[in-house]
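The values are calculated or read from the model by the stated rules, or taken from the named source; none is laboratory data. Everything quoted here is computed from the prediction, not taken from an experiment. Note that each Cβ is placed from the backbone with ideal geometry, even for glycine, and that neighbours are counted across all protein chains shown.
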Amino acid sequence: MNDIDLIKSQVLLNLKFYNPLAKLLTIEMKHTETVAAYFFQRPKIKGIFGTLSILLLLLISACGEAEKEDLITSVNFEEQSFAPFVEPAFPYITTSFDGRSLGEEFPKNNISGRVLAIKLGNDSYACFDTDMLRWSVAWTGEFMPMVTMAQVSYAEFHNKGNQIPTIGGDPKLATGTYPGWAIGQAAVKDPRNPSPHPDSPKWGAIPAEIGRYEGVYPVDDKVVLSYTVGETLVYELPGSRLYEGLSVFSRRFAMAPAEEKTFLIAAEITNISKVEQEGDQVMVYHGDKVTAMGLAKGSEKVNLSVKDNRYLIAEVAAHTSTVDFELILWNGEGTEKDKFAGALNQELTVIPDFENGNNPYWKEEVLTQGQISPDTAAFVTDRLTLPVPNPWNRNVRMVDISFLSDSEAAMVTFEGDVWKVAGINELLDRLVWTRVASGLYEPQSIEVVNGEIYVYGKDGITKLHDLNEDGVADYYENFSNVMAQSIETREWASDMVADPKGGFYVAKFGALDMGPEASSPKALMGFRSASNDDGSIHKISADGKSKEQFATGFRGPYLGIHPEKGWLTGSDQQGHYMPSTPVMLIRKGDYFGVPATAHREPIPETTPPITWIPHSEDRSGVGQIWVTSDKMGPLNNQMIHLSYGRPGLFVVKVDSGSNIVQGGASVIPGNYPAPSMKGDVNPGDGMVYFAGFSLWGHNSEELSALLRLRYTGKESLLPEDYKVRDGGILLRFGQELDEETATDLANYQVKRWNYMRTEKYGSGHYQLDGSVGEEHLPVLAAQLSEDKKAVFLVVPNIAVVMQMEVAFDLQTAKGASWSDKVWMTVNEVNQPMLKAAGFGDFNPSDLIENFDPALLATKEEGTADAIKGKEIFLKYGCIACHAIDDNVAGKIGPSVKGLYGAKREFKDGTTATADDAYIKESIVDPGAKIVKGREGEMPSFLGLLSDQDIESVILYFKTLK
């Protein structure tokens, strides 16, 4: 390091310790280099002032010279006004489409799980079905209504009243649900595998031997589609032409050599009364309308026809060199048909140069400054301020992050945008945000593999290519769309992780029976029968062309993976058949308990999770992050589980001493201002970065945040290990414990319960004998280990159980006091190895053998009161779903203000008065009566709350007038 570099580094070090001053001065490196060079050229001055004086002079000089940058330091989403979801400058969005009610002359079987909705110009639009390689519909007038979940909640953050997408104008052309191309002979049969239910539509991409969508090139206000028909590569430029006021649709093709003739089905018309054909022009009459099809001047190797008095066909002859042709289509009043011939007398539209990149859609940078938390605990959360506002007035709801380098990461938003953030360093003092891509379909995952960006959404896995290296994607490659996607709004493409051996694992939600009724019949309670891949984990091959069913039986899975060892983990959403939040080790062939998404017969035995986490602690589990760095202290080489609903982070411990997978979880305390969903470890600083956004119920206040979990080096009070053994429970910590506190039995509470997996939403708590409630276990002794860092709790009657909770109040030998809990699952009872664990010859069996259960004192419950009811309401997170005032934004349940005594109307049309009996039933059996307009997502509190607890809650509700 030379002298100038030394001074520069010292300046930055000084700024680290005087951060408020650094923010005031806003120093730039170009100024420090100039001033440092000046002083080092004058040794006498350097000697007089010394290094510290030089640093001060550098600060003064920088203050006078530096141009202060306008850095965004905080975001208030509520105060922002966002532009419309559809951006004028970008030519398409990806969505789904229901065209079964377009009108009498159009096909009735017309539904698409994923389409590119393309703006063609001249108030004309088309939906290109990427699964079927067809134009599902072409229309004029208004674009599509913005009704999908990402769209309706884009500006109204908690609006969940989504609908199934349709068009907003007048339909002109449509095809049915069959491939848009055929080889050898025209065919209008859907070749895809049947869906699970005979009344459910088929979903997914057509077999690759028929055709495959390859990707899209956005070019200014146009797109160039790339796909194969058989093995023949086709480029298509969709567009619109104007001729004497006549607006026509154009499909310009460049088709590579083909050994066989191919057939393009351009339109289907169900009520054709007459067909006229002359040369390269076909006119069909239906009602008082005419649909015309023709070829632009210069087209070659194409013949037009009408098949079965219904289908408009373009037949392309076999050819040995690239064929260029342009299909012109129009639908309108018969009085204007004579203009159509003139529209054909134009040269082929020029396909723009798309293979070498395009002008960037987004040139500006957005600069933000992060917020560094003070080092008040072992783990703190720093905030990377999001780029809001930005030049495009775009909402930024971050879902996932993946690192490109030590200082740069790629991010994906729920609205379908990809951003990069550069300048990630210890201070987060100048974060540079740039936009990379847009138009994706409700993505929830991003992965960087070998420097290349992959995004997973309902449109499949998209690989982004920056062809001209200007920082913006020019080609959106369809890396893989082999996982079927239905139109059901809750069949989320929820997660994707990269397999270190190559390829990806992807997770898909089950088609939950929520949201608008679409096309799928009911399956088991809580589910609709949608695609063959819903509620499953699939392994995607390294080339993206094939998939393998890996595990099934999920309700709403999310994933994590060890980036070196390839261990696949996951969580699921509590609900029907999923009694609470599990954290799972997922292996090939596993089935996790939801029969509606088993996708096999016979249904195998259910695989138990590593651990369950109670609903009151994590009612919505999301992804996991394996910490492989050495910079996270006690979290090094550990698995972190992210909770959406809490929100926050858990550390998950896997019991390596058990033959059957089991373990437990405990909370990583911290400030989590928004739901935590997905994350990654920075390969540079080794810290954990994670993001999330608000849509469903949770216990935080903000819409979205990007955070860094940072280890400060301070004393950690997290338990380092915990496991259940025959005879008791082992707890180990990183600090020496105060002996008096650690051996005081009053400082421990142990209870356990089972869940019941049924069609009801969630589960109550049940004792081992099946009776309702939780079992409180006595702690007979608390034995401190020889190193005073572990304690063994002697507990009798240890048995296999789904949930065990251990609460403790402890103090370190240095005097730090804290309270905490761990939650464990016992799938197998193993013998303790106490001597190896540092407990000498201690043997708990004598205490257990001599234990008399009759000596246990019965705990008196006390009396019910409204104050206790409020405490229960807050403790169990009810306020995340139910407002206590008139502000119900973001709440998935009704407000409890004015609830008592009010008339309730239910989904089945019945009514009832909200009296004591009704409220109690709603708490212990919430699915019995579901309020109209609600989804019925409340779990049962049977066994969690006593009759006195419920009475207290009712008394609290009575105070909310």
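Being touching a residue at least 24 places away in the same chain (Cβ under 8 Å) and closer than 23 Å to residue 566 by Cα is not true of residue 510.
Find the residue count for the stretch 742-765, including only residues that are at pLDDT 95 or above and not in a loop (DSSP other than H, G, I, E, B). Residues flagged as at pLDDT 95 or above and not in a loop (DSSP other than H, G, I, E, B) within the stretch 742-765 amount to 11. Listed by position, the strands (runs of 3 or more DSSP E) contained in the stretch 592-690 that have at least 1 residues being modelled with pLDDT of 95 or more, in contact with a strand residue (DSSP E or B) (Cβ under 7 Å, 6 or more places away or on another chain) and over 30 Å from residue 703 (Cα atoms) are 648-654, 663-668.
Taking the condition over 22 Å from residue 619 (Cα atoms) and aliphatic (A, V, I, L, M), does residue 668 pass? Before the answer, list the steps.
Values: over 22 Å from residue 619 (Cα atoms): no; aliphatic (A, V, I, L, M): yes.
For residue 668, the condition - over 22 Å from residue 619 (Cα atoms) and aliphatic (A, V, I, L, M) - is not met.
Please verify whether residue 800 is of a type outside the set (Ser, Thr, Tyr), surrounded by fewer than 19 Cβ atoms within 10 Å (Cβ to Cβ), without any contact (Cβ under 8 Å) to a residue 40 or more places away in the chain and closer than 20 Å to residue 655 by Cβ, treating the condition exactly as stated. In short, yes. Entry remark, the stretch 134-150: residues being more than 22 Å from residue 415 (Cβ to Cβ) and either surrounded by fewer than 24 Cβ atoms within 10 Å (Cβ to Cβ) or in contact with a Leu (Cβ under 7 Å, 6 or more places away or on another chain) (or both) number 5 in total. Restricting 243, 235 to those that are surrounded by fewer than 22 Cβ atoms within 10 Å (Cβ to Cβ) and under 36 Å from the mean Cα position of the chain (by Cα) reduces the list to 235. Once the stretch 771-795 is narrowed to residues that are in contact with a Lys or Arg (Cβ under 6 Å, 6 or more places away or on another chain) and assigned to a strand (DSSP E or B), the residue that is surrounded by the fewest Cβ atoms within 10 Å (Cβ to Cβ) is 776.
If you check 97, 106, which single one turns out to be touching a residue at least 40 places away in the same chain (Cβ under 8 Å) and either over 15 Å from residue 487 (Cβ atoms) or in a loop (DSSP other than H, G, I, E, B) (or both)?
106
Restricted to strands (runs of 3 or more DSSP E) entirely inside the stretch 127-213, those with at least 2 residues that are hydroxyl-bearing (Ser, Thr, Tyr) and in contact (Cβ under 8 Å) with a residue 12 or more places away in the chain are 134-140.
Comparison of 768, 730 shows that the only residue that is in a strand (DSSP E or B), closer than 15 Å to residue 829 by Cβ and not charged (D, E, K, R) is 730. In this structure, residue 386 does not qualify as out of contact with any His (no Cβ under 6 Å at 6 or more places or on another chain), closer than 21 Å to residue 470 by Cα, of a type outside the set (Gly, Ala, Ser) and in contact (Cβ under 8 Å) with a residue 60 or more places away in the chain.
Looking only at residues in the stretch 166-206 that are in contact with an Asp or Glu (Cβ under 9 Å, 6 or more places away or on another chain) and aromatic (Phe, Trp, Tyr), the one that is surrounded by the most Cβ atoms within 10 Å (Cβ to Cβ) is 203. Reported count of residues in the stretch 284-297, each being outside any strand (DSSP E or B) and modelled with pLDDT of 95 or more, is 1.
Among the candidates 265, 328, the residue that is assigned to a strand (DSSP E or B) and over 24 Å from residue 210 (Cβ atoms) is uniquely 328. The sole residue among 539, 565 that is assigned to a loop (DSSP other than H, G, I, E, B) and either under 26 Å from residue 207 (Cβ atoms) or among the charged types (D, E, K, R) (or both) is 565. One residue stands out in the stretch 915-943 among those that are touching a helix residue (DSSP H, G or I) at 6+ places or on another chain (Cβ under 8 Å) and under 28 Å from residue 517 (Cβ atoms): the one that is surrounded by the fewest Cβ atoms within 10 Å (Cβ to Cβ), namely 928. Criterion first (surrounded by fewer than 24 Cβ atoms within 10 Å (Cβ to Cβ) and over 27 Å from residue 565 (Cα atoms)) does residue 683 satisfy it? No: the conditions fail for residue 683. Looking across the stretch 898-922, just one residue is modelled with pLDDT of 85 or more and within 35 Å of the chain's Cα centre (by Cα), and that is 905. The listed residues are 744, 726, 787, and the only one of them that is farther than 28 Å from residue 854 by Cβ and either under 37 Å from the mean Cα position of the chain (by Cα) or of a type outside the set (A, V, I, L, M, F, W, C) (or both) turns out to be 787.
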